[in-house]
1. Scan region 88-110 for residues that are surrounded by 11 or more Cβ atoms within 10 Å (Cβ to Cβ), free of Cβ contacts under 8 Å to residues at least 60 places away in the same chain and part of a loop (DSSP other than H, G, I, E, B) and report the count.
2. Under the condition of being hydroxyl-bearing (Ser, Thr, Tyr) and part of a helix (DSSP H, G or I), which residue from region 58-84 is nearest to the chain's Cα centre (by Cα)?
3. Could you tell me how many of the residues in region 111-134 are of a type in the set (A, V, I, L, M, F, W, C) and in contact (Cβ under 8 Å) with a residue 60 or more places away in the chain?
4. For the list (1) surrounded by 12 or more Cβ atoms within 10 Å (Cβ to Cβ); (2) in contact (Cβ under 8 Å) with a residue 12 or more places away in the chain, I need the number of the one condition that Tyr9 fails.
5. Given the conditions (1) closer than 22 Å to Asp135 by Cα; (2) under 14 Å from the mean Cα position of the chain (by Cα); (3) surrounded by 15 or more Cβ atoms within 10 Å (Cβ to Cβ), report the number of the one that Asp22 does not fulfil.
6. Do we find that Gly116 is exposed (fewer than 12 other Cβ atoms within 10 Å of the Cβ), out of contact with any helix residue (DSSP H, G or I) (no Cβ under 8 Å at 6 or more places or on another chain), under 30 Å from Pro53 (Cα atoms) and not β-branched (Val, Ile, Thr) in this structure?
7. Taking region 1-57 on its own, how many of its residues are part of a helix (DSSP H, G or I) and either among the aromatic types (Phe, Trp, Tyr) or closer than 18 Å to Val118 by Cα (or both)?
Amino acid sequence: MIEPSLALYGDAFDQVEKHLGDLLESTGVRYCLLVDRKGFVLSHKEALWAPRPPALDSVATLVASNAAATAALANMLGERTFSEQIHQGEQGTLYVESVGDMALITLIFDSSVPLGRVKVHTKKTTLLLADILKDIKDVPAIEFDDDFGANAASLLDDLLG
């Protein structure tokens, strides 16, 4: 099974959540996601007024896949990377920016939000997030005692009859 390449927990998670909330507020976007390079949503925020969000796990997977394809194109053109991607439609825009080599910040917004404002605020937030992510260590291993399996089976038996 594929697992996320990063795990946000504790203080790091709280800091990321705060920065994404600040970014959402300062830009006026609908949705703001932090996605790892494997396509897992690490954190997300959505505006209270926003309509029902798209399937965020699908968005994350497609954003990460697109970033990988774009990285291959950059390499073919002699670039180390393309740090941002913009997909503009008639009604909405998807803006993706690299957060170092570990994650992608993704903003979804409608045509009433100025792209320039989004880019300026996202670049500031990206620097803050990169500092947080570089300090993340491996997730502490979860260790189960010998009775875990038996206790879990007993609880499921009680729950399901």
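1. Residues flagged as surrounded by 11 or more Cβ atoms within 10 Å (Cβ to Cβ), free of Cβ contacts under 8 Å to residues at least 60 places away in the same chain and part of a loop (DSSP other than H, G, I, E, B) within region 88-110 amount to 1.
2. Looking at residues that are hydroxyl-bearing (Ser, Thr, Tyr) and part of a helix (DSSP H, G or I), I get Thr61.
3. The initial filter retains those residues of region 111-134 that are of a type in the set (A, V, I, L, M, F, W, C), namely 113, 115, 118, 120, 127-130, 132-133.
Applying the additional criterion that residues be in contact (Cβ under 8 Å) with a residue 60 or more places away in the chain yields 113, 118, 128-129, 132-133.
Of the residues in that region, 6 qualify.
4. With respect to (1) surrounded by 12 or more Cβ atoms within 10 Å (Cβ to Cβ); (2) in contact (Cβ under 8 Å) with a residue 12 or more places away in the chain, Tyr9 is out only on (1).
5. Result: Asp22 fails condition (2) only.
6. On the way: exposed (fewer than 12 other Cβ atoms within 10 Å of the Cβ): yes; out of contact with any helix residue (DSSP H, G or I) (no Cβ under 8 Å at 6 or more places or on another chain): yes; under 30 Å from Pro53 (Cα atoms): yes; not β-branched (Val, Ile, Thr): yes.
Against the criterion (exposed (fewer than 12 other Cβ atoms within 10 Å of the Cβ), out of contact with any helix residue (DSSP H, G or I) (no Cβ under 8 Å at 6 or more places or on another chain), under 30 Å from Pro53 (Cα atoms) and not β-branched (Val, Ile, Thr)), Gly116 qualifies.
7. 13
So that you can scan it fast, the table gives a plain yes or no per residue for (1) of a type in the set (Ser, Thr, Tyr); (2) in contact with a strand residue (DSSP E or B) (Cβ under 6 Å, 6 or more places away or on another chain):
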residue	(1), (2)
Gly92	no, yes
Val96	no, yes
Gly100	no, no
Ile108	no, yes
Thr122	yes, yes
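The values are calculated or read from the model by the stated rules, or taken from the named source; none is laboratory data. Not measured: the values here are computed from a predicted model. Cβ sites come from the backbone with ideal geometry, for glycine too, and all protein chains shown count toward neighbours.
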